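Quick notes on the structure that follows.
Please treat every number below as a calculation from the coordinates, not as lab data. Remember, predicted model here, so these are calculated numbers, not experimental data. Using ideal geometry, Cβ is built from the backbone for each residue, glycine included, and neighbour counts are taken over all protein chains shown.
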Amino acid sequence: MLVSLEGEEATGKTTCAYTAPRKVVGLSFDMGAHRAIYGAKYEELFQDSKIQIIPYAPAPSFKPAWDDYDITIYELLRPIQMDNIRVSGCIEVWSYFTQLFVAAMTDPAVRSIVIDTMTVARRVRVDAHLEALQNMSKQGEKMRERLQQIEYGRPNDAIRDAYFMSQGLKKNLVAIHHLTDEYGEVMSKRGEREQVATGKRVLEGLSQTYRFVDVAVRMEKANKQLSGVFVKCGYNLDLEGQNIFDPTWDRIVTVIEMSLGDRIKLERRNDN
């Protein structure tokens, strides 16, 4: 099952993601996994899991290190940019991410992959593309500062490929997303078109994300209680808009199965 989890900060996205069927390999750009796993939900959700978090350390030859663990999380640092124009380090990070992703996808022992967050993963891929173009600049030529709109095709294709590969290999994928302000076009008093915030928060990242996932849940927090809302449910459209209290993978699966009269069975966390 391909799942998108979106929401504001501290709404339980990462915690929910790592309740996916084990063995889980996490690719963490946001560096919040330690808090999400060892925080308030540890005893309820992760106490029985063997977990390792591997610091960022790309090597020329990569060997998977998840054989003896239920959850393995690789930290992927988005490089701090010391120059206002030249991008550096993003090609290396994206190459390492790709190595890890393909290795996990093609290992039958790995049942789920978590990308935390796909929002930052896409930014790294965009910056890696810009870095490659800058590296091709000739001496004396003005260096590119940003991509043109038409040049976002390759970075976007790379993100789509992650969803397509997961679907093709029938691997569970949980992609976590930040939210951003939605903007709409209005006519100004001067008769010019302007972009203004609508007041709504929308998924930040690839605009077609919902097309590529089976289920999308928006995580929310109110009065110290976590909940989720089905933004998309390809299994049963009637579930869209329905709330889930304190979401986990198994709770999401249970709601879907029950809504269909249990005529469909989805993979659960501890299935063999």
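Check each of the GluC sites (Glu not before Pro) in segment 53-157 and keep only those in coil by DSSP with at most 14 other C-beta atoms within 10 angstrom; list them in order.
For GluC sites (Glu not before Pro) across segment 53-157 that sit outside H, G, I, E and B with at most 14 neighbouring Cβ atoms in 10 Å, the list reads E141, E145.
Based on the alpha-carbon gyration tensor of segment 1-147, what equivalent-ellipsoid semi-axes (square roots of 5 times the eigenvalues) come out, in whole Å, largest first?
That gives 32, 17, 12 Å for the three semi-axes.
Counting only residues 5 or more places away or on other chains, whose amide H sits under 5 Å from the amide H of K23 once H atoms are built in the peptide plane?
R111, S112
Rg and Dmax of the chain, Cα atoms, in Å?
19.9, 68
Going by the alpha-carbon gyration tensor, a ≥ b ≥ c the square roots of its eigenvalues, is segment 142-245 rounded (a/c under 1.5) or, if a/c is not under 1.5, prolate (a/b greater than b/c) versus oblate?
The shape class here is oblate.
Residue-wise, which Karplus ³J(HN,Hα) couplings in Hz belong to segment 16-23, taking 6.51 cos²θ - 1.76 cosθ + 1.60, θ = phi - 60°, and x for glycine or proline?
4, 4, 7, 8, 5, x, 8, 7
What whole-number distance in Å separates the alpha-carbon centres of segment 61-125 and segment 219-272?
27
Select from I256, I54, I150 the residue whose mean-square fluctuation is largest in a Gaussian network model of the chain (Cα-Cα springs shorter than 10 Å).
I150
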